[in-house]
Structure formats: structure tokens, C-alpha cells
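The values are calculated or read from the model by the stated rules, or taken from the named source; none is laboratory data. Values in this document were obtained by computation on a predicted structure and should not be read as measured data. Methodologically, a virtual Cβ is constructed for each residue, glycine included, from the backbone with ideal geometry; neighbour enumeration extends over all protein chains shown. Please note that ligands, DNA and RNA were not included when accessible areas were found on the heavy atoms of the full protein model with its side chains. Shrake-Rupley method; radii C 1.70, N 1.55, O 1.52, S 1.80 Å.
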Amino acid sequence: MKPLIGLTAERFSSGYFAAPDRDVHGALATYLDAVLGAGGLPVIIPLNVLADDLRALYARLDGVLIPGGGDLDPAHFNEAPHPALGEIDPVRDRTELTVVRHALSDGKPLLGICRGAQVMNVALGGTLYQDLPTEYPGVLRHAHPVSEFPRQHLAHPVQVKEESLLARSLGRPIVQVNSRHHQAIKQLAPGFAAVARAPDGVIEAIERPGHPFALGVQWHPENLQALPEMKALLRAFVEACREGRRATVSSPRSAVGA
Ligand code: MN
């Protein structure tokens, strides 16, 4: 059985029927294809699901992927909005923070991508730079809009911490990454380790030591599946989901001595 991996939805209006009453909770095909390509079965976690139902939906998953998207409401880390803050989605924030906290406390595999990595940090009490260009002296260019750059544009290298889950997953200590963020992790939440940095020092990946697989990357590996190391990263995540499922499925049997 392939592991079932929940992706929290992005909210947008359907292009064809674009209208305020055509609100879509969906996922970009690149994320779905990356999960499928790595051997997982993706399902979309809709927004506007009540807390109990969200918990029930989450319980059936073998892993969770929090994709990229817009900015988090800085109220979640007790800051006033920066002038460059983009549009926020309180329901998406609440849904993702809830699911991330479940996965972190349950030891269920979790992969955060771009915004998803930021949600992981904020979920455990960390903070964000709301706008790197104005808040981080000496910063490199991290924002590469899709209107100007292909999604697979390699923007900068990242140095990966030795002997981290990320290093094992990628299989190499330095990788070139795409970069489409104007926010980044500022104060790391307790319980996370920074495991990759850009040359300017910006945190590009975090993970939770002791958790089977809780990793957040600031770049977009779903757009880089032509690169062996990025394919390996998705495979490592899906494999952790498979392992977790095996453990969950086998434990009730061993409890009754079968
Ligand atoms: Mn970057």
C-alpha cells in the first residue's frame, strides 16, 4: 500500500470561472506529481474543516506536506504587520498550524516547503523575518517571481549541516536551490535545528531532532525533481511515511501477541 500523504490546500479562484464565489481549495500539480513520483498517494486537506473533522482526516494520513503560499499572519508570532506583508489567509494559517502541531507531537512525517517551513517554525513559537530585503542587512536576492524566472531557476547554493536528516536525504553537503521567498525564519523555535543556510546566513532548512521526519525547506524541491538530490529528498519523505505506516499497522497486532 502506498502511503497516504495529506497536502494542506491553497485557496484561489478558478481561472476559468474566476469570481469571488468560485473559491477553490486546491494544490498545484507540481506538488501532487512530486508526491506521486516519489511513490506516495496525495490527498488534499481542505480549508474550513472543523477541528474534530480535521483531526479525523489527519489521523488517516501517513504523512503531511505543507506547501508554499502567501505570508503568515504575524499575529501568530506577536508582531504587527510589516508594510511589505502580503495577503494573509487566517483559515489557512489555522488549518496548517493545527496539522503541523499534531504531526510534530505524534511523530508523523512532515515536510514543509517554503511557507510550510515557516509554519513549522511558528507552530512551535519561532518568529519570521516578514520582509528579508528591508529587515536583513546584506541579504542576497531570495525573491524570484515566477513572472520573471522559471520555477526551476537555481538562485543560490545552500550549505547543509553534516549528519542531519536533510544531508542524509539529499546525499550531498551543498546543493543549488530555487528561491521564491521574501520571508524567512528569524528566531528558531525551541526543538528545531537549522540544518541549511544560504551564503548570507539565511536559514534555508530546519528539522526536529528525535522526530522520525520533520523537515522544512525554504526552497521548492517539487520544481526540481529533474535533479537526483531533490528526487531523493521527496523519496526520503515518502519512505518515512511508509515506515510510519508500517509501525502503526503492526503495533496493534503485536499488542495482542499475533
Ligand atoms: Mn532562498
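Of the residues contained in region 43-57, one or more are found to be open to solvent by less than 20 Å² (accessible area, probe 1.4 Å) and at pLDDT 95 or above. Taken over region 189-214, the residue count meeting the criterion of being within 16 Å of the ligand (Cβ to nearest atom) and either open to solvent by less than 10 Å² (accessible area, probe 1.4 Å) or of a type outside the set (Lys, Arg) (or both) is 12. Mind counting the residues in region 31-42 that are open to solvent by 50 Å² or more (accessible area, probe 1.4 Å) and assigned to a helix (DSSP H, G or I)? So the count comes out to 2. The strands (runs of 3 or more DSSP E) found wholly in region 76-178 and carrying at least 2 residues that are out of contact with any Pro (no Cβ under 7 Å at 6 or more places or on another chain) and under 28 Å from Arg11 (Cα atoms) occupy 110-113.
Residues in region 84-112 that are surrounded by fewer than 24 Cβ atoms within 10 Å (Cβ to Cβ) and among the hydrophobic types (A, V, I, L, M, F, W, C): 6 in all.
Residue count for region 173-188 satisfying the condition of being open to solvent by less than 20 Å² (accessible area, probe 1.4 Å), free of Cβ contacts under 8 Å to residues at least 60 places away in the same chain and of a type in the set (A, V, I, L, M): 2.
Taking residues in region 126-152 that are in contact (Cβ under 8 Å) with a residue 60 or more places away in the chain and within 16 Å of Ile203 (Cβ to Cβ), and partners anywhere that are charged (D, E, K, R) and open to solvent by less than 40 Å² (accessible area, probe 1.4 Å), the pairs with Cβ atoms closer than 6 Å and at least 6 places apart or on different chains are Gly138/Asp200; Val139/Asp200; Leu140/Asp200. Here Glu10 meets the list (1) crowded, with 18+ Cβ neighbours inside 10 Å; (2) modelled with pLDDT of 95 or more almost entirely, failing just condition (2). As a summary of the residue check, Val249 satisfies the conditions (1) within 15 Å of the chain's Cα centre (by Cα); (2) open to solvent by 60 Å² or more (accessible area, probe 1.4 Å) except for the one numbered (1). If you check Arg168 against the conditions, is it open to solvent by 80 Å² or more (accessible area, probe 1.4 Å), away from the ligand (no atom under 14 Å from the Cβ) and without any contact (Cβ under 8 Å) to a residue 40 or more places away in the chain? So Arg168 does not fit the description; no.
Answer yes or no as to whether Pro157 is in contact (Cβ under 8 Å) with a residue 24 or more places away in the chain, away from the ligand (no atom under 16 Å from the Cβ) and on the phi < 0 side of the Ramachandran plot. Criteria not met by Pro157.
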